[in-house]
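Everything on this sheet refers to the single structure shown next.
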Amino acid sequence: MRFVDEVRVRLKAGDGGRGCVSFRREKYVPRGGPDGGDGGRGGHIFLEATGRKQTLLDFHYRHFFKARSGQHGRGKDQHGRSGDDLVLYVPIGTVVKDAESGEVLADLSSEGAKWLAARGGRGGRGNARFVSPTNQVPKFAEDGKPGEEREVILELKLLADVGLVGFPNAGKSTLIRAISSARPKVADYPFTTLTPQLGVVKYGDAEPFVVADIPGLIEGAHKGAGLGIRFLKHIERTRILLHLIDMSSLDMDDPIKPYREIKGELDQFSDIFKEKQEIIALNKIDLIEDDEIVDFFVSEYLSALNLPVIPISALKMKNIDSLLQRLVSILYGKTTETGYHDGYEQKKHTGQM
């Protein structure tokens, strides 16, 4: 399924129906008088969040949506039928912005959240409404009001508890495959993950939580370099940032560069990242022959950051228990009593992926 996370659409609510000009003429009913009915209201357009939608693909091929107009009024005091409301379903986490000003109009971040995007026009009044002592035979009626029309941008921001960030090939896809049922592409070249991937993690007796694998970031991502600016928004809602550092390809002239650059890109994109909890996972330690190298790197370069640091091997499943225990502790303020959910097979612990 194609992942679409931003679209521009035009919405047109239904117009109100015209009021009717009519006079009652029946046998044996003298001086019948006006009996023109009102026009019906035009249909509203609503946006509603649902977990059944994962992307904005439905809006990628169709950019204009119009609700039905109200019916016109008729004689014998018959009012026109109101136009049916149009409900457009969007994924949970969709932000609605005004296309011109960029103002946020709605944030549909929960199941069933609903927003009136365009209001239908009011129906016109029939001539029966205008009878008065001085005008007992009104020969006019109102036209219906036009429905609201607006252009909006729908922007999807994924909802996840933990966001995996790091340079391309840091091992994010391998990690999310190891701890959840998500199956992103894994290969030995950069940018193998081209769209955000979500995985549900069940660990011990704790509540399941969602991890988002964000496509690899590079320097200048907040300005549009690489795939960054398109997907940085997807980690704005996460509670924890999990930085993955590839221990097998460190630049010893600047070994803290992977963390420093990614953190800098996040902070320049949005101030909200400065307030999030962070964990550093040193990945691919199975490729480091001497454990003292890892210990030296932590004590010499990372201790000043005052952040939790956990050496792991996502491929060999080394220290994954420790990482998940820390995530559960931060998310739920508890420790878990058991290890992997019984759906995890023993072969993962032997590196047979």
Open item on the list: I'd like the full set of residues that are outside any strand (DSSP E or B), among the aliphatic types (A, V, I, L, M) and without any contact (Cβ under 8 Å) to a residue 40 or more places away in the chain, limited to the stretch 263-287.
Closed with: Ile272, Ile285
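Quick grid of which residues meet (1) at pLDDT 85 or above; (2) surrounded by 16 or more Cβ atoms within 10 Å (Cβ to Cβ); (3) on the phi > 0 side of the Ramachandran plot:
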| residue | (1), (2), (3) |
| --- | --- |
| Leu266 | no, yes, no |
| Phe269 | no, yes, no |
| Ile272 | no, no, no |
| Asp295 | yes, no, no |
| Ser303 | yes, no, no |
| Val309 | yes, yes, no |
| Val328 | yes, yes, no |
| Thr338 | no, no, no |
| His341 | no, no, no |
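Would you confirm, using the coordinates I've provided, whether Leu158 is touching an Asp or Glu at 6+ places or on another chain (Cβ under 9 Å), at pLDDT below 85, in a loop (DSSP other than H, G, I, E, B) and buried (at least 17 other Cβ atoms within 10 Å of the Cβ)? Break it down into steps so the answer makes sense when it comes.
On the way: touching an Asp or Glu at 6+ places or on another chain (Cβ under 9 Å): yes; at pLDDT below 85: yes; in a loop (DSSP other than H, G, I, E, B): yes; buried (at least 17 other Cβ atoms within 10 Å of the Cβ): yes.
The answer is yes for Leu158.
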TODO: Kindly indicate whether any position in the stretch 102-121 is of a type in the set (Lys, Arg), free of Cβ contacts under 8 Å to residues at least 60 places away in the same chain and either in contact with a Cys (Cβ under 6 Å, 6 or more places away or on another chain) or in the same structural domain as Gly16 (by TED's automatic domain parsing) (or both).
DONE: no
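Give the residue that is surrounded by the fewest Cβ atoms within 10 Å (Cβ to Cβ), with candidates limited to residues of the stretch 219-256 that are assigned to a helix (DSSP H, G or I) and modelled with pLDDT of 85 or more. Before the answer, list the steps.
Taking the stretch 219-256 as the starting set, the residues that turn out to be assigned to a helix (DSSP H, G or I) are 221-223, 228-235, 247-249.
Pick out the ones that are also modelled with pLDDT of 85 or more and you get 247-248.
On the way: Met247: 24, Ser248: 12.
Checked the stretch 219-256; the qualifying residue surrounded by the fewest Cβ atoms within 10 Å (Cβ to Cβ) is Ser248.
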Open item on the list: Show the residue pairs meeting these rules: Cβ distance below 8 Å; 6+ apart or different chains; first residue within the stretch 48-74 and closer than 17 Å to Pro91 by Cβ; second residue of a type in the set (S, T, N, Q) and part of a strand (DSSP E or B).
Closed with: Ala49/Thr94; Leu56/Thr94
Task: Arg68, sole failed condition from (1) touching an Asp or Glu at 6+ places or on another chain (Cβ under 8 Å); (2) more than 16 Å from Arg150 (Cβ to Cβ); (3) outside any loop (DSSP other than H, G, I, E, B); (4) not aliphatic (A, V, I, L, M) - done: (3)
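The values are calculated or read from the model by the stated rules, or taken from the named source; none is laboratory data. Not measured: the values here are computed from a predicted model. Here Cβ is always computed from backbone atoms with ideal geometry, including for glycine, and neighbour counts include all displayed protein chains.
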